[in-house]
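The values are calculated or read from the model by the stated rules, or taken from the named source; none is laboratory data. What you are looking at is a predicted structure, and each value in this text was computed from that prediction instead of being measured. Cβ coordinates were reconstructed from backbone atoms using ideal geometry, including for glycine residues, and neighbour counts include every protein chain displayed. Surface areas here come from the heavy atoms of the whole protein model, side chains and all, with no ligands, DNA or RNA. Shrake-Rupley method; radii C 1.70, N 1.55, O 1.52, S 1.80 Å.
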Amino acid sequence: MTEVSVIIPVYNNEEFIYKSLQSLKRQVFRNFEAIIINDGSTDKTKNIILSMIKDDERFKLINIENKGQGIARYIGIKVARGRYATFLDGDDFVKPTWLSQMVSDIRIQHADMVCINYAEYYEKSEKYIKNGFASDSLRMNASDFYKEWCIDKRLKGFLWNKIFRMDLMKKCNEKLEFSFMEDSYLLLKFLSLSKRIFFDRSVEYFYRIRKLSTINATYKPEDLVALKKFKSIITFQEKNNPHLKYYFEMRFLKIELLILMRMNLKQLQSVDGRELLEDFTLRTWLSRRYLVPFFNKIDTFIIQGIRGPKSALYFLKMRSYMVQIQRIYRSHKNSAF
């Protein structure tokens, strides 16, 4: 039986896909399949992939029309045959011991999911900055899962630094009609089926920082579909975990903030924009005494300044530039490796 299915959604990754697949081919652990979903790439990505995988039966390429990363992942999970599932983005790369370390962890710890540590790779400065969790490796039981998801500092909402039990991943696989934070949504569903997760502080994954700006993310109407889905699943979890009510409320507030950041002034002044802004402002006011423990200084300052569409646009743009400055500073620090 195939031990691990590596699911790789790609879209116009011609500059990086060779290094990504090369790092996967160099894995010490050999019993894996690689399912590459080409999400309608219009550049040379497909040709590069075909030239790299033609002599390796472990690699399979699936070509689809451009539907977004969420649909690509859904298809990958659906056709996967491995005992475990993990994910690799087409512009990232991994150490040769990436799979062997995660497989060893999930077996020894009898875990449903393992989180491996990672580092950010700044391509302009060619620096590696460790940016995962700083604590020692640890095992965590179900009672702490949701708190970790809400805090979003150690667990994180992405899928690419984790390995999962495939039987559980297939149970929560869903064809989503949105791409905004679809990985975090899927992760929350997976946690509801899990009993044990393990954090390994070993740095095995390298996440490429391609742009030193968060300004380019733009709002799409489907983002509100995502918000409704998150509201539904968070409300359900609040009822089942009343002691974590404020954790879930703060996490939902963060999700609203991220959507507001994607809007321009015209969108903020639209009916949907105003409704979202009013709900966000009300939740902020009701939860003001909990902001500091859950939000960093930048976000706390920005949130407290938002009062209407124009002030929202001003403060949200300010946040984007402040985050950009933080990333530029990080990219010029001394390399962590």
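Numbers below:
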{"read-out": "Scope segment 106-123; condition at pLDDT 95 or above and touching an Asp or Glu at 6+ places or on another chain (Cβ under 6 Å); matching residues", "value": "V114"}
{"read-out": "Test set (1) more than 18 Å from M169 (Cβ to Cβ); (2) at pLDDT 95 or above - K54 fails condition number", "value": "(2)"}
{"read-out": "Test: residue in segment 68-79 that is open to solvent by 10 Å² or more (accessible area, probe 1.4 Å), over 14 Å from I7 (Cα atoms) and in contact (Cβ under 8 Å) with a residue 24 or more places away in the chain", "value": "yes"}
{"read-out": "Residue that is nearest to R165 (Cα to Cα), among those in segment 25-58 that are of a type in the set (A, V, I, L, M, F, W, C) and either more than 20 Å from the chain's Cα centre (by Cα) or open to solvent by 10 Å² or more (accessible area, probe 1.4 Å) (or both)", "value": "F32"}
{"read-out": "Residue list for segment 241-257, restricted to those being touching an Asp or Glu at 6+ places or on another chain (Cβ under 9 Å) and of a type in the set (A, V, I, L, M, F, W, C)", "value": "L244, F248, L257"}
{"read-out": "First in segment 254-275 and more than 14 Å from I306 (Cα to Cα), second anywhere and of a type in the set (V, I, T), Cβ under 6 Å, 6 or more apart", "value": "R262/T218"}
{"read-out": "Qualifying position, being under 21 Å from R154 (Cα atoms), at pLDDT 85 or above, part of a helix (DSSP H, G or I) and open to solvent by 50 Å² or more (accessible area, probe 1.4 Å), among K229, K245", "value": "K245"}
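For every residue, the table says whether it meets (1) surrounded by 17 or more Cβ atoms within 10 Å (Cβ to Cβ); (2) out of contact with any Phe, Trp or Tyr (no Cβ under 6 Å at 6 or more places or on another chain).
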{"position": "K153", "(1), (2)": "no, yes"}
{"position": "R165", "(1), (2)": "yes, yes"}
{"position": "M169", "(1), (2)": "yes, yes"}
{"position": "C172", "(1), (2)": "yes, no"}
{"position": "E182", "(1), (2)": "yes, yes"}
{"position": "R196", "(1), (2)": "no, yes"}
{"position": "Y219", "(1), (2)": "yes, yes"}
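Each row is one residue, and each column tells you yes or no for (1) among the aromatic types (F, W, Y); (2) over 22 Å from M102 (Cβ atoms).
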{"position": "P9", "(1), (2)": "no, no"}
{"position": "E15", "(1), (2)": "no, yes"}
{"position": "K19", "(1), (2)": "no, no"}
{"position": "Q22", "(1), (2)": "no, no"}
{"position": "R26", "(1), (2)": "no, no"}
{"position": "F32", "(1), (2)": "yes, no"}
{"position": "T45", "(1), (2)": "no, yes"}
{"position": "I48", "(1), (2)": "no, yes"}
{"position": "D56", "(1), (2)": "no, no"}
